[in-house]
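Undergrad: Before I ask anything, let me first share the structure, which is written out below as structure tokens.
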Amino acid sequence: MYIGYDTNKITPNVGVQMEGYTPRYSDSIHDDLFESVLYIENKYKLLLISLDIVALPGFRVDRIKRLITEMYGIDSSQIIIAAIHTHSGPTVTDLLIDNPEINSNYWQLITNRIVKSVAKAINDIKEVSVTMSSSRVNHLAYGNRNVSGAPFNDEMIELKFWNNGQMVNSLLSIATHPTVMNVNNKALTSDLIGQIRQNYKRKTGVTPIIFLADCGDTSTRFTRKESTFEEVKRIASLVTNSLNTTDFTSEELTDMNVTEVNYNCYYDPITSPTANELWLRIKNDYEKDKSKKGILDTYKHIRYYGHTHFTTSAYIYDFPELRIVTYPGELVYALGRKIREADSKKTILITLANDYRGYSVDKSEFGKYFESYNSVFLKGMADEFVEKICQRIKY
């Protein structure tokens, strides 16, 4: 098999509105933002793209995929575009804040850089073999962010690509919100993911392409000591020092079968009894406890600005000994585990991929924590979607 890789800066100008937490304006650049492209060619073609932004509106992804399909003949189903979910990047969606300041020229910059990287990756391929390793992250780095000590996905998966005995590229999957810097930060940064990339490159000479797994209820909330760039470095070191450097298996990515799983969502938040029940509960909670204003404001955005009429998709990429599953939003551990354990085949989850539909929270936990109120999925919807994915895996 053959692979190609390229990366380009997509750092916006200082002064842009930042997305994640509440709107504010950047006053500096701590580290550059990047797009990264990994191209795999065998009997099939597979293109993986990672962006240092908070989330991806589906229509933006569609536009980028159309260009790539027309220019390079790669079917849209064989293109994965995912966000690393930095909360310290530019505003790029209308999915998280009211009346966002979205710069269409910035999206044109992202598109142009991706197309350029795809061309370079395709034209500079190397013949490689593949190995996979699995590691457990040090629990001092991150964990369940709602209940300290509760279960979370602590697995990190690496696909390493080798040419003549030398590692030339790698794909790294981790499962945490990569947010150490808080709402007070106004410096543009890729936060924890950027620092992990830097550490990884210093150790191996290779810049990995990084994707997030089921991290909807996982973060550094209970493990970070402060929100500073020194703390970003400390936690990133815990992550990279946890990576297994010796125990790995050879993988055969010879054949690939692609399955699309669609989910239809259609309701009016004003007239839906389920949505209104949730809305009344939040308002009543706020009347009793004014500290819950953040939750009230979050669901108010879903109620009046949320996209609740849509079809979204997950994709299943089956290889002989490995599977990749994409998910269009943030997936909590309980639901991610169902997908990862649907059968015995090792599964790499890539969430925040190709679209963004907020959080997907399982029925048993719905309503307990913030994630339920930052989602267009009503109670039970995420369970239905995940069950459809699992059934297609088992089929």
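Undergrad: Ignoring ligands, DNA and RNA, please state the percent of accessible area on the chain from carbon and sulfur, probe 1.4 Å. Before the final figure, lay out the partial values.
TA: On the way: 7480 of 16240 Å².
For the chain, the apolar C and S fraction of the accessible surface comes to 46 percent.
Undergrad: Enumerate the aspartates and glutamates that LYS116 could reach by cross-link, defined here as Cα to Cα under 16 Å, with residues fewer than 8 away along the same chain left out.
TA: The qualifying aspartates and glutamates are ASP6, GLU35, GLU70, ASP124.
Undergrad: May I ask you to give the solvent-accessible area per residue for the stretch 148-287, in square angstrom, as obtained with a 1.4 angstrom probe?
TA: 43
Undergrad: Which value in nm describes the separation of the simple spin-label points at SER76 and GLU101, placed 7 Å from the Cα toward the beta carbon?
TA: Reported label-point gap for SER76 and GLU101 is 3.2 nm.
Undergrad: Report, to the nearest 10°, how far helix 229-241 tilts away from the longest principal axis of the Cα atoms in the chain, using its own Cα long axis and a range of 0 to 90°.
TA: For helix 229-241, the angle is close to 50 degrees.
Undergrad: Distance between Cα centroids, the stretch 33-71 to the stretch 188-248: provide it in whole Å.
TA: Using only Cα atoms, the two centres lie 23 Å from each other.
Undergrad: For labels at LYS203 and ARG63 in the simple 7 Å Cα→Cβ model, what's the distance in nm?
TA: Computed distance between label sites LYS203 and ARG63 equals 3.8 nm.
Undergrad: Based solely on its DSSP helices, what 222 nm [θ] is calculated for the chain when runs of n ≥ 4 H residues each add -39,500 (n - 2.57) and the sum is averaged over all residues, nearest 500 deg cm²/dmol?
TA: On the way: 8 runs with 113 residues, N = 395.
Result for the chain, helices only: -9000 deg cm²/dmol.
Undergrad: For the cross-link pairs LYS186/LYS290; LYS160/LYS346; LYS45/LYS203; LYS43/LYS120; LYS160/LYS338, which exceed 23 Å when the distance is taken from alpha carbon to alpha carbon?
TA: Details: LYS186/LYS290 27 Å; LYS160/LYS346 15 Å; LYS45/LYS203 30 Å; LYS43/LYS120 20 Å; LYS160/LYS338 26 Å.
Beyond 23 Å: LYS186/LYS290; LYS45/LYS203; LYS160/LYS338.
Undergrad: Now for a different question. In whole Å, how far is the Cα centre of the stretch 351-368 from that of the stretch 289-332?
TA: 4
Undergrad: Given contacts defined as C-alpha pairs under 8 Å and at least six residues apart, what's the relative contact order of the chain, whole-number percent? Intermediate results must be reported in sequence, preceding the final value.
TA: Numbers: 891 pairs, mean separation 69.5, N = 395.
Relative contact order of the chain: 18 percent.
Undergrad: So, R0 is 41 Å and r is the distance between the beta-carbons of LEU296 and GLU226; what FRET efficiency does that work out to, to 0.05? Let's see the in-between values first.
TA: On the way: r = 28 Å, r/R0 = 0.68.
Using R0 = 41 Å, I get an efficiency of 0.90.
Undergrad: Given axes a ≥ b ≥ c from the Cα gyration tensor, I'd like to know whether the stretch 55-136 is rounded (a/c under 1.5), prolate (a/b larger than b/c) or oblate. Show your work: numbers first, answer last.
TA: On the way: a/c = 2.29, a/b = 1.41, b/c = 1.63.
Oblate is the answer for the stretch 55-136, as a/c is 1.5 or above yet b/c matches or exceeds a/b.
Undergrad: Report the antiparallel proportion of the DSSP beta bridges in the stretch 40-167 as a percent, rounded to a multiple of 5.
TA: Roughly 70 percent of the beta bridges in the stretch 40-167 run antiparallel, per DSSP.
Undergrad: Just the C-alpha atoms of the stretch 1-147: what Rg/Rh do they give, with Rh taken as the Kirkwood radius?
TA: Values: Rg = 17.1 Å, Rh = 16.9 Å.
Rounded to two decimals, Rg/Rh equals 1.01.
Undergrad: Okay, moving on. Using θ = phi - 60° and the Karplus curve 6.51 cos²θ - 1.76 cosθ + 1.60, what whole-Hz ³J(HN,Hα) does each residue of the stretch 29-41 get, with Gly and Pro shown as x?
TA: 10, 7, 8, 6, 9, 9, 10, 10, 10, 10, 10, 10, 10
Undergrad: At q = 0.06, 0.11 Å⁻¹, what log₁₀ I(q)/I(0) does a Debye calculation on the Cα points of the chain give, no solvent, two decimals?
TA: -0.21, -0.76
Undergrad: Okay, next question. Only sites in a loop by DSSP and with at most 11 other Cβ atoms within 10 Å count here; which trypsin sites (Lys or Arg not before Pro) in the stretch 210-304 make the cut? Spell out each step's value before the answer.
TA: Working: sites: ARG221, ARG224, LYS225, LYS233, ARG234, ARG281, LYS283, LYS288, LYS290, LYS292, LYS293, LYS300, ARG303; in loops: ARG221, ARG224, LYS225.
Here the sparse-neighbourhood loop sites are LYS225.
Undergrad: How many nm is it between the label spots at LYS9 and LYS345, if each spot is 7 Å from the Cα in line with the beta carbon?
TA: Each label point lies 7 Å from its Cα, and together they span 4.1 nm.
The values are calculated or read from the model by the stated rules, or taken from the named source; none is laboratory data. Everything quoted here is computed from the prediction, not taken from an experiment. With ideal geometry, Cβ positions are generated from the backbone for all residues, glycine too; neighbour counts draw on all protein chains shown. Remember, those area values only see protein heavy atoms, side chains included, never the ligands or the DNA or RNA. Shrake-Rupley method; radii C 1.70, N 1.55, O 1.52, S 1.80 Å.
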